[in-house]
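Worksheet for the structure shown next.
The values are calculated or read from the model by the stated rules, or taken from the named source; none is laboratory data. All of these numbers come straight from a predicted model, not from anything done at the bench. When we count neighbours, we look across all protein chains shown, and the Cβ atoms used for this are built from the backbone with ideal geometry, even at glycine. Side chains are part of the model used for accessible areas, which takes the heavy atoms of the whole protein and leaves out ligands, DNA and RNA. Shrake-Rupley method; radii C 1.70, N 1.55, O 1.52, S 1.80 Å.
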Amino acid sequence: MRAEPIAPSLRKGRGRPDLWALAHDPDPERALTGELKPPLDDREAVMEAFRCLECGGPYAPAPCTVACPADIDVPGFIGAVARGQVERAAAIILEANPLGGTCARVCPTEVLCEGACVLEAAGQRPVDIGRLQRYAVDQAFLRGLDPVLPERPPNGRRVAVIGAGPAGLACAAELARAGYAVTVYDERPEVGGLVRYAIAPYRQVRDPLPAEMERLVTLGVTFRLGFRIDSPERLAAVADTADAVFLGVGLGEDADVRYEGDTLEGVWKSLAFIEALKTGRRPPVGERVAVVGGGNTAVDVAREAVRLGAREVTVLYRRTAAEMPAFRHEVAEAEAEGVHFAWLTQPVRLLGTRRVTGVLVQYMRLGEPDASGRRRPEPVPGTEFVLPVDTVVLAVGQRPRAEFLQWIPGLRLEHGRIVRDPETGQTTHPRYFVGGDAANGGATVVEAVREGKIAARGIDRVLSGAGRGVS
Ligand SMILES: Cc1cc2nc3c(=O)[nH]c(=O)nc-3n(C[C@H](O)[C@H](O)[C@H](O)COP(=O)(O)OP(=O)(O)OC[C@H]3O[C@@H](n4cnc5c(N)ncnc54)[C@H](O)[C@@H]3O)c2cc1C
């Protein structure tokens, strides 16, 4: 992966909104949902498409296509946009990625396709691939164009997909196109998994998930939403209806990291906090918010707190910017919106009687490398100070769905991730396949799409007798 470029929205002449103004919009709804990457209109899309050099060819695919985990033929769809062939562009995208409209909004394009764009290497602004992809898919859906691809005839085999997140939806689409009867089960009332319930609202609230789901229904996929597989018996009953089961169950709740005082009012776990604001129940954050963590979720939560009206938002991270797992361009964007990063700090305990009023914070220093290869943070004695707060959000990662997974006999986990054959997605239980966060430990939507597709092809290979298991 290339070195991360400067945050594109911080570049001049980008045609994107001013970050500070967007995050501090006096209209609370617009502040929260105002899009970081707003849609292109027809004229902008064609002009942007003409900037593409359409590099790559039969012997060497374009760098943007190589960088796309979903294998989208990027120059191919951009060329179609330039020629005004929106339906063709959408078909190219959706054939490779049934969540092409969602990924156009939520992908970290800065480190994927756009980061690989040859214009970027030449010191110019890369082609706005994400927004062009969004334009093509949105327009196709909007104009009622039908980019659904022809099906292969039904083959009489059935697959149960557990989880309607990106991995499950991608797997279901690929299998349905290959002639399988697919039923997708999800405990939630809506499809999308974390896209619907966790990804920041300034990237995507809901749309275009309903249209993407509709397209799967047209392909023949059956959905059973609001259906929680909550017992070994229910799992067995679902598995009995199918020749293979795909586990697209993602990860579970926030990791159980405890701090003294974490049951005080005003202390949130990240997923509950984000789900509340994405489903219209805005958490009252007050003036001062502390976010604990160093991943992309912590940065998202901090930016959301700014949009909810907090005046001082501080991210407490126990290492330095160099070790922070969050994308650098997103840290830069958060800083531009007014988020303060307190490097080398960690909470000792949360203070207050009924409601949280402060965090006792301690400074850290970096010692020897730990098992992860990163230098281990160590507390510096005598450096404690009180950070006054109205709200604390703990964003320290998610844990695996341990209880559910133990109902599958012989299923092996390593460090909480389901062990699988990387070429087929097959687990150590031969009828179960996996992809997405449950297997990779938490990555991106487009990575989950890629793994859902791999597992669908693996299921096809194994059910047609050409497969192999995991040793
Ligand atoms: C706060 C946050 C922000 C993120 N932001 C981005 C971003 O901007 N861009 C990006 O690319 N990625 C982002 N990600 C990562 C991305 O959302 C995930 O990598 C992706 O959603 C994983 O897809 P999945 O299908 O594996 O799992 P999930 O999206 O978690 O979907 C799993 C689904 O399975 C269902 N399920 C689980 N168990 C059961 C059961 N027993 N019965 C029925 N249903 C069940 C769940 O309810 C859920 O709907 C973010 C993640 C988080 C936490």
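Applying the criterion of being open to solvent by less than 30 Å² (accessible area, probe 1.4 Å) and either over 17 Å from Pro377 (Cβ atoms) or free of Cβ contacts under 8 Å to residues at least 60 places away in the same chain (or both) to the residues of the range 343-359, the residue that is nearest to the chain's Cα centre (by Cα) is Thr345.
Given the range 35-85, what helices (runs of 4 or more DSSP H) lie entirely inside it while holding 2 or more residues that are modelled with pLDDT of 95 or more and among the β-branched types (Val, Ile, Thr)?
Result: 63-67, 74-82.
Being among the hydrophobic types (A, V, I, L, M, F, W, C), within 16 Å of the ligand (Cβ to nearest atom) and assigned by TED's automatic domain parsing to the domain that holds Arg234: is that true of Ile162 here? Yes; evaluated as a whole, the condition is true for this residue. Take the conditions (1) open to solvent by less than 60 Å² (accessible area, probe 1.4 Å); (2) farther than 24 Å from Ala448 by Cα; (3) at pLDDT 95 or above; Gly373 misses just one of them, which is (3). Just give me the residues in the range 429-459 being within 9 Å of the ligand (Cβ to nearest atom) and not β-branched (Val, Ile, Thr), in sequence order. Once the filter is applied, which keeps residues that are within 9 Å of the ligand (Cβ to nearest atom) and not β-branched (Val, Ile, Thr), the range 429-459 yields Gly435, Gly436, Asp437, Ala438, Ala439, Asn440, Gly442, Ala443, Glu447, Ala448, Glu451, Gly452.
Scanning the range 106-157 for residues that are within 27 Å of Ile199 (Cβ to Cβ), charged (D, E, K, R), open to solvent by 20 Å² or more (accessible area, probe 1.4 Å) and touching a Leu at 6+ places or on another chain (Cβ under 7 Å) yields a single hit, Arg125.
Residues are listed down the side, and each one gets a yes or a no for (1) within 12 Å of the ligand (Cβ to nearest atom); (2) touching a helix residue (DSSP H, G or I) at 6+ places or on another chain (Cβ under 7 Å); (3) modelled with pLDDT under 95; (4) open to solvent by less than 50 Å² (accessible area, probe 1.4 Å):
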site: Ala200; (1), (2), (3), (4): yes, yes, no, yes
site: Arg203; (1), (2), (3), (4): yes, yes, no, yes
site: Leu209; (1), (2), (3), (4): yes, yes, no, yes
site: Phe227; (1), (2), (3), (4): yes, no, no, yes
site: Ser231; (1), (2), (3), (4): yes, no, no, yes
site: Ala236; (1), (2), (3), (4): no, no, no, yes
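Among the residues of the range 418-434, is any open to solvent by 10 Å² or more (accessible area, probe 1.4 Å), at pLDDT 95 or above, among the charged types (D, E, K, R) and touching a Gly at 6+ places or on another chain (Cβ under 6 Å)? Looking for residues that are open to solvent by 10 Å² or more (accessible area, probe 1.4 Å), at pLDDT 95 or above, among the charged types (D, E, K, R) and touching a Gly at 6+ places or on another chain (Cβ under 6 Å), one finds none in the range 418-434, hence no.
Does the range 240-263 contain at least one residue that is at pLDDT 95 or above, in a helix (DSSP H, G or I) and crowded, with 18+ Cβ neighbours inside 10 Å? Taking every residue of the range 240-263 in turn, none turns out to be at pLDDT 95 or above, in a helix (DSSP H, G or I) and crowded, with 18+ Cβ neighbours inside 10 Å.
So, in the range 93-105, how many residues would count as being open to solvent by less than 20 Å² (accessible area, probe 1.4 Å) and away from the ligand (no atom under 15 Å from the Cβ)? I'd like the intermediate steps shown before the answer.
Filtering the range 93-105 down to residues open to solvent by less than 20 Å² (accessible area, probe 1.4 Å) leaves 93-94, 96-104.
Adding the requirement that they be away from the ligand (no atom under 15 Å from the Cβ) leaves 93-94, 96.
Total meeting the criteria: 3.
Summed over the range 264-294, residues that are among the polar types (S, T, N, Q) and surrounded by fewer than 16 Cβ atoms within 10 Å (Cβ to Cβ) total 1.
Go through the range 376-402 and give me each residue that's among the hydrophobic types (A, V, I, L, M, F, W, C) and surrounded by 16 or more Cβ atoms within 10 Å (Cβ to Cβ). Spell out the reasoning first.
To start, the set of residues in the range 376-402 that are among the hydrophobic types (A, V, I, L, M, F, W, C) comprises 380, 385-387, 389, 392-396, 402.
Within the range 376-402, Leu387, Val389, Val392, Val393, Leu394, Ala395, Val396 qualify.
Residue by residue, here is whether (1) under 25 Å from Ala140 (Cβ atoms); (2) β-branched (Val, Ile, Thr); (3) without any contact (Cβ under 8 Å) to a residue 40 or more places away in the chain holds:
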{"position": "Ala21", "(1), (2), (3)": "no, no, yes"}
{"position": "Leu32", "(1), (2), (3)": "no, no, no"}
{"position": "Cys52", "(1), (2), (3)": "yes, no, no"}
{"position": "Gly76", "(1), (2), (3)": "yes, no, yes"}
{"position": "Gln85", "(1), (2), (3)": "yes, no, yes"}
{"position": "Val111", "(1), (2), (3)": "no, yes, no"}
{"position": "Cys117", "(1), (2), (3)": "yes, no, no"}
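Pull out all pairs, ordered by first then second residue, where Cβ-Cβ is under 6 Å, the residues are six or more apart or on different chains, the first lies in the range 226-243 and is free of Cβ contacts under 8 Å to residues at least 40 places away in the same chain, and the second is more than 10 Å from the ligand (Cβ to nearest atom) and among the β-branched types (Val, Ile, Thr). If the second residue must be more than 10 Å from the ligand (Cβ to nearest atom) and among the β-branched types (Val, Ile, Thr), no pairs are left.
The set of residues in the range 1-34 that are at pLDDT 60 or above, surrounded by fewer than 19 Cβ atoms within 10 Å (Cβ to Cβ) and not in a loop (DSSP other than H, G, I, E, B) comprises Trp20, Ala21, Pro28, Glu29, Arg30, Thr33.
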